[in-house]
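Chemist: Just passing along the structure, written as structure tokens.
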Amino acid sequence: MITSCDEAVARLRALPGLSCCARPLNVLPLLRTGCLSAVVSVEGPDTGWAGEFGASFHALEPERGVRDHTPAGAGVHTVLRALAGTLDEDEDEDGGADGGAGAAGGDWRGRELALLPYSAMKPEWRTALGALGTRLLEPPSHVALPMLSDKRAQRAWLRSVGAATPADAVVPALDHRELRRRFGSPYVVQTPVGSSGKGTHLVVDEADLQPIRQVGGGPWLVSGYVEGVALNVHVLVSADSTVRVLRPSVQLTRIEGVGAPFGAYSGCDFAAPALLAPLALARAAAAARRVGEALAALGYRGLFGADFVLDGERPLLLELNCRMQGSTWLLGELELAERALPSALRHVLELYGHATGGEPRTDAAGAVQLVVRHTGAPVRVAAAPAGGLHRLKDGRLRYCGAGFGLLECGPDDCVLLQLPSPGMVLHPGVPLARIVARHPLTTPDGTALTAPGRKLLDALRAGFVLEPLEPYGLPGPSGPAAVPSASAGPSAAAPRAPW
């Protein structure tokens, strides 16, 4: 059984590691410990990451010069195909797979890489890696659990294992009058598949249903809306079927001014649970453990997250995220500061069948991340704040040096991450920046900015100069294909003009 960080790192460094994810930030604990040699992602790394962590980064966004809503799966697949030189000829003519991609792919040929997964490996990624001539060492496959990929089936399964959930129904048609009568107003409509708030809609009137019907995707899961604190609980299912409940965090939601639509991920606060009712926290932990034990019996291994809404002191379980989550990296920063084995490393080891030991801490700790999104029409970034460590002084952000996450952050500092480069095109609703701090930025329920949080947000937005786009040129997901950089970090180069 692996109990120390040194032992875990030695095990994971036995082969060069590869991770595929939406953004390198998601796997920061693996980068900090030197367990990754290559990262394939949609978003590029922040400034200085390649030099700091010694990994090669291959990303869609920096080469296209566009930050849009390309799904992680499609974006990673495009990057891998470009590396392998298997993009279609018409894509090549648009500025996609040329000699540069082939040169980048040459660095991969004949290599053996261990997959250190953020989420499940997709078959098309495996095919593209095979075309690269790369031998991929993957974790043993576990039994498929189809009820986890469909929100309708998952909700029914959660109730079957004794979890309390909001009132809901699966409906083939969206009749506002009938749904309002049954669930009150507002209510929530969800498509069967979706994550990070995609496919989740708050409905107040008939007009809110029109865009849902146009997209389709039914039958839909419809639930009563519960206006309470949103709580997330990490759980680890070990290779020996032991279930451990980890630190909870308050999910930041419904915050005015950060540009997030209903249900979209806006960040988390690991200190805020200390201000919640102890009975509610205990009940949520017990429910998460019970679900973990049911998953363990079905063969599931590794991390999962349980999303609750607190109806007073009664936690209602909304859904499970059976993977590392957008908050796992921040939990890992806390664990590294405490010299504990990060949950991200434990997740990977458990997937490979290596049981890890040690009881995780569940107490509250100062760690906050807030995602700020671009609102309004598409724009090009003319100027942006520098990424890294900052301090607010006289209403302005003052750059204090390099910063990659919470570990560089002092009690009065913040670290800015996920910043677009000058020249990049931003689509509506995409992340503009991520603020990381040790002090609270929102009220304890995670729904409103504090006065210091508001000042920090205002100072951040003041550091951007955003230019409207000409009406003829807006690149999108179907626009020019990527040519991933063969260097150790595409973020070092200015993004190419997207048209």
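The values are calculated or read from the model by the stated rules, or taken from the named source; none is laboratory data. Because the structure is predicted, anything quoted here is derived from the model rather than measured. Heads up, the Cβs are rebuilt from the backbone with ideal geometry, glycines too, and the neighbour counts pull from every protein chain shown. With ligands, DNA and RNA removed, areas are computed over all heavy atoms of the protein, side chains included. Shrake-Rupley method; radii C 1.70, N 1.55, O 1.52, S 1.80 Å.
Chemist: Within segment 73-82, can you find the residues that are of a type in the set (Gly, Ala, Ser) and either surrounded by fewer than 22 Cβ atoms within 10 Å (Cβ to Cβ) or on the phi > 0 side of the Ramachandran plot (or both)?
Modeler: Selection gives Gly73, Ala74.
Chemist: For segment 398-443, enumerate the residues that are open to solvent by 40 Å² or more (accessible area, probe 1.4 Å) and not in a loop (DSSP other than H, G, I, E, B).
Modeler: Selection gives Arg398, Tyr399, Cys400, Leu407, Glu408.
For (1) of a type in the set (A, V, I, L, M, F, W, C); (2) under 30 Å from Leu236 (Cβ atoms), each residue gets a yes or a no:
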residue	(1), (2)
Glu350	no, yes
Arg361	no, yes
Ala365	yes, yes
Val379	yes, no
Leu397	yes, no
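Chemist: Another question, if that's okay. From (1) open to solvent by 60 Å² or more (accessible area, probe 1.4 Å); (2) touching a Lys or Arg at 6+ places or on another chain (Cβ under 8 Å); (3) touching a residue at least 60 places away in the same chain (Cβ under 8 Å), pick out the condition that doesn't hold for Val170.
Modeler: In the conditions (1) open to solvent by 60 Å² or more (accessible area, probe 1.4 Å); (2) touching a Lys or Arg at 6+ places or on another chain (Cβ under 8 Å); (3) touching a residue at least 60 places away in the same chain (Cβ under 8 Å), Val170 misses (3) alone.
Chemist: So, one more: Looking at segment 50-63 only, could you name the residues that are in a helix (DSSP H, G or I), over 18 Å from Tyr118 (Cα atoms) and either open to solvent by 30 Å² or more (accessible area, probe 1.4 Å) or at pLDDT 95 or above (or both)? Please lay out each step first, then the result.
Modeler: Step one: list which residues in segment 50-63 are in a helix (DSSP H, G or I), which gives 50-53, 60-63.
Imposing the further condition that a residue be over 18 Å from Tyr118 (Cα atoms) reduces the set to 50-52, 61-63.
Of everything in segment 50-63, those that are in a helix (DSSP H, G or I), over 18 Å from Tyr118 (Cα atoms) and either open to solvent by 30 Å² or more (accessible area, probe 1.4 Å) or at pLDDT 95 or above (or both) turn out to be Gly51, Glu52, Glu61, Glu63.
Chemist: Is it the case that some residue within segment 348-363 is surrounded by fewer than 20 Cβ atoms within 10 Å (Cβ to Cβ), more than 24 Å from Cys5 (Cβ to Cβ) and either among the small types (Gly, Ala, Ser) or under 21 Å from the mean Cα position of the chain (by Cα) (or both)?
Modeler: No, that holds for no residue.
Chemist: Looking at Leu158, Leu179, Leu202, Leu209, which one is touching a helix residue (DSSP H, G or I) at 6+ places or on another chain (Cβ under 6 Å) and either open to solvent by less than 60 Å² (accessible area, probe 1.4 Å) or not in a strand (DSSP E or B) (or both)?
Modeler: Of Leu158, Leu179, Leu202, Leu209, the one residue that is touching a helix residue (DSSP H, G or I) at 6+ places or on another chain (Cβ under 6 Å) and either open to solvent by less than 60 Å² (accessible area, probe 1.4 Å) or not in a strand (DSSP E or B) (or both) is Leu209.
Chemist: Testing Arg339 on (1) surrounded by fewer than 20 Cβ atoms within 10 Å (Cβ to Cβ); (2) at negative phi, one condition comes back false. Which one is that?
Modeler: Going through the list (1) surrounded by fewer than 20 Cβ atoms within 10 Å (Cβ to Cβ); (2) at negative phi, Arg339 breaks only (2).
Chemist: So if I check each of His176, His142, which one is over 27 Å from Arg283 (Cα atoms), in contact (Cβ under 8 Å) with a residue 12 or more places away in the chain and under 27 Å from the mean Cα position of the chain (by Cα)?
Modeler: When all the criteria are applied, what remains is His142.
Chemist: Failed condition for Gly133, given (1) within 25 Å of Gly218 (Cβ to Cβ); (2) surrounded by fewer than 15 Cβ atoms within 10 Å (Cβ to Cβ), with all others met?
Modeler: Against the list (1) within 25 Å of Gly218 (Cβ to Cβ); (2) surrounded by fewer than 15 Cβ atoms within 10 Å (Cβ to Cβ), Gly133 comes up short only on (1).
Chemist: Could you identify the single residue in Arg323, Arg346 that is charged (D, E, K, R), out of contact with any His (no Cβ under 6 Å at 6 or more places or on another chain), in a loop (DSSP other than H, G, I, E, B) and closer than 23 Å to Val237 by Cα?
Modeler: Unique residue meeting the criteria: Arg323.
Chemist: Right, here's the next one. Could you run through segment 13-40 and say how many residues are in contact with a strand residue (DSSP E or B) (Cβ under 8 Å, 6 or more places away or on another chain), of a type outside the set (A, V, I, L, M, F, W, C) and either surrounded by fewer than 23 Cβ atoms within 10 Å (Cβ to Cβ) or without any contact (Cβ under 8 Å) to a residue 24 or more places away in the chain (or both)?
Modeler: Residues meeting the conditions: 2.
Chemist: Follow-up question, since we're still on this one. Quick check on my filter: what residues within segment 349-397 are under 30 Å from Cys35 (Cβ atoms), of a type outside the set (S, T, N, Q) and assigned to a strand (DSSP E or B)?
Modeler: Val368, Leu370, Val371, Val372, Gly388, Leu389, His390
Chemist: Conditions first: (1) in contact with a helix residue (DSSP H, G or I) (Cβ under 9 Å, 6 or more places away or on another chain); (2) open to solvent by less than 10 Å² (accessible area, probe 1.4 Å). Ser327 passes all but one, so which condition is the exception?
Modeler: With respect to (1) in contact with a helix residue (DSSP H, G or I) (Cβ under 9 Å, 6 or more places away or on another chain); (2) open to solvent by less than 10 Å² (accessible area, probe 1.4 Å), Ser327 is out only on (1).
Chemist: Could you count how many residues in segment 279-310 are in contact (Cβ under 8 Å) with a residue 12 or more places away in the chain and part of a helix (DSSP H, G or I)? If you could, list the steps in order and put the result at the bottom.
Modeler: Initially, segment 279-310 is screened for residues in contact (Cβ under 8 Å) with a residue 12 or more places away in the chain, giving 279-281, 283-285, 287-310.
Now narrow it down to the ones that are part of a helix (DSSP H, G or I): 279-281, 283-285, 287-297.
Within segment 279-310, residues that are in contact (Cβ under 8 Å) with a residue 12 or more places away in the chain and part of a helix (DSSP H, G or I) number 17.
Chemist: Those residues that are polar (S, T, N, Q) and over 21 Å from the mean Cα position of the chain (by Cα), I need them from segment 424-457; list them, please.
Modeler: Thr443, Thr450, listed by residue number.
Chemist: Further question on the same structure: May I ask you to list the residues in segment 247-272 that are out of contact with any Asp or Glu (no Cβ under 9 Å at 6 or more places or on another chain) and either within 28 Å of Ala297 (Cβ to Cβ) or in a strand (DSSP E or B) (or both)?
Modeler: Pro248, Gly267, Cys268, Asp269
Chemist: Then there's this: Here are the criteria: (1) assigned to a strand (DSSP E or B); (2) open to solvent by 20 Å² or more (accessible area, probe 1.4 Å). Tell me which single one Leu221 does not satisfy.
Modeler: Leu221 satisfies every listed condition except (2).
Chemist: If you check Ala282, Ala287, which single one turns out to be open to solvent by less than 50 Å² (accessible area, probe 1.4 Å) and either at pLDDT 95 or above or in contact with a helix residue (DSSP H, G or I) (Cβ under 8 Å, 6 or more places away or on another chain) (or both)?
Modeler: Only one candidate qualifies: Ala287.
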